[in-house]
Amino acid sequence: MTTTAPTTNGRVIALAHYSARALLEGVLTRHGLTFEQSVTLRAATVADGPVEHDALVTDVVGSLKSDPAVVHGVIDELTAARLLEQDPARASRLRLTDAGRELYETTAVETAGISARLYAGIPAEDLAVAGRVLTLLTERANAELAGA
């Protein structure tokens, strides 16, 4: 198999990721959240209702590539902070509390403003290409991880 060196190295992509993440974490820190907690709240939010505890763990582990024990700890933190709670209708499910939804929405609005500024002026076709390339890189990295 012949490989061709990329014209853009992984460092360029990593620098963009870490720069944007630093901005995101600045918002999250002001609101008392960690990155991992934010990802978990987002997963609970997009579930649009109570979510099975194990499904939430699986979703967050898949997003963060972290250990399930770490994600269980994050869920415990969010539950202790009363941002997530056990669903009274079924104990195996979790749901956002009003405070959790409000906090997620507040941070989402703030980070959307940052994203708008970062992406301003970049042609839609360039963003589409970048999106396709990054999706392909993610798929390939996930395949490598699955084979490890």
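The values are calculated or read from the model by the stated rules, or taken from the named source; none is laboratory data. The structure presented is a predicted model; accordingly, all values stated were derived computationally and were not measured. Quick reminder, even Gly has a Cβ in these numbers, built from the backbone with ideal geometry, and neighbours come from all protein chains shown. Side chains are part of the model used for accessible areas, which takes the heavy atoms of the whole protein and leaves out ligands, DNA and RNA. Shrake-Rupley method; radii C 1.70, N 1.55, O 1.52, S 1.80 Å.
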Value of relative contact order over segment 58-109, rounded to a whole percent, pairs C-alpha under 8 Å and six or more apart: 21 percent
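Only Cα pairs under 8 Å and at least 6 apart count here; give the relative contact order of the chain as a rounded whole percent. Write out the running numbers ahead of the final one.
Values: 96 pairs, mean separation 30.3, N = 148.
Dividing the mean separation by the residue count of the chain yields 20 percent.
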Could you tell me whether segment 43-89 comes out rounded, prolate or oblate from its Cα gyration tensor? Rule is a ≥ b ≥ c as square roots of the eigenvalues, rounded for a/c under 1.5, then prolate if a/b exceeds b/c, otherwise oblate. oblate
List the DSSP H helices in the chain whose Cα atoms stretch 24 Å or more along the helix axis and whose mean Kyte-Doolittle hydropathy is at least 0.0. 10-30, 124-147
Report in % the part of the accessible area of the chain that belongs to carbon and sulfur, leaving out ligands and nucleic acids; probe 1.4 Å. 57 percent
Under a crude label model (7 Å from the Cα following the beta-carbon direction), how far is Asp87 from Arg117 in nanometres? 3.9 nm
With no solvent and one equal point scatterer per Cα, compute the Debye intensity ratio I(q)/I(0) for segment 1-137 at 0.21, 0.22 Å⁻¹ and report its log10, rounded to two decimals. -1.29, -1.35
The chain - accessible surface per residue (Å², probe 1.4 Å): 67 Å²
In segment 88-131, whose amide N lies under 16 Å from the spot 7 Å out along Cα-to-Cβ of Val12? List them in ranges. 123, 126-131
Once ligands and nucleic acids are excluded and a 1.4 Å probe is used, how much of Asp67 is accessible, expressed in Å² to the nearest 10? 90 Å²
If amide H atoms are modeled at 1.01 Å from N in the peptide plane, then the residues at a separation of 5 or more from Asp87, or on another chain, having amide H under 5 Å from its own are Arg93, Leu94, Arg95
Take the Cβ-Cβ distance between Thr135 and Thr29 as r, set R0 to 41 Å, and report the resulting FRET efficiency rounded to the nearest 0.05. 0.90
